[in-house]
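Notes follow once the structure below has been shown.
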Amino acid sequence: MKRILIACGNGIATSTVVASKVKDYLSDHGVEASTTQTKLMEVPSKVQDYDLLVTTGQFEGQTGDVPVVKGMPILTGIGAEQTMEEILNHLN
């Protein structure tokens, strides 16, 4: 199972929406994944335990070798399909 850390400003609102959409998309494509939501400021201390980081806010911190995907298109719908494909590619 793949583990995805989803981060937004407060770790509540936008990360909930993104987490739900990402899980549904991955499930539809046969990828089993779990998501954890967090605040952007908590990412550096948590990210090393995950396969992928998806952010909905500005994040310039270090993630080691964990890939980062900017998830704002998932919220706006503009470029959402390309962002979902990027997430899927990182996990395959």
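The numbers here are math on the coordinates, done by the rules we state, and not lab data. Bear in mind the structure is a predicted one, so any value in this text is a computation, not a measurement. Neighbour counts are summed over all protein chains in view; Cβ atoms, including those assigned to glycine, are modelled from backbone coordinates with ideal geometry.
Think of it as helices only: each DSSP H run of n ≥ 4 in the chain is worth -39500 (n - 2.57), and spread over all residues that comes to -11500 deg cm²/dmol at 222 nm. Counting neighbouring Cβ atoms within 10 Å and putting the fewest first, the residues His29, His90 line up as His29, His90.
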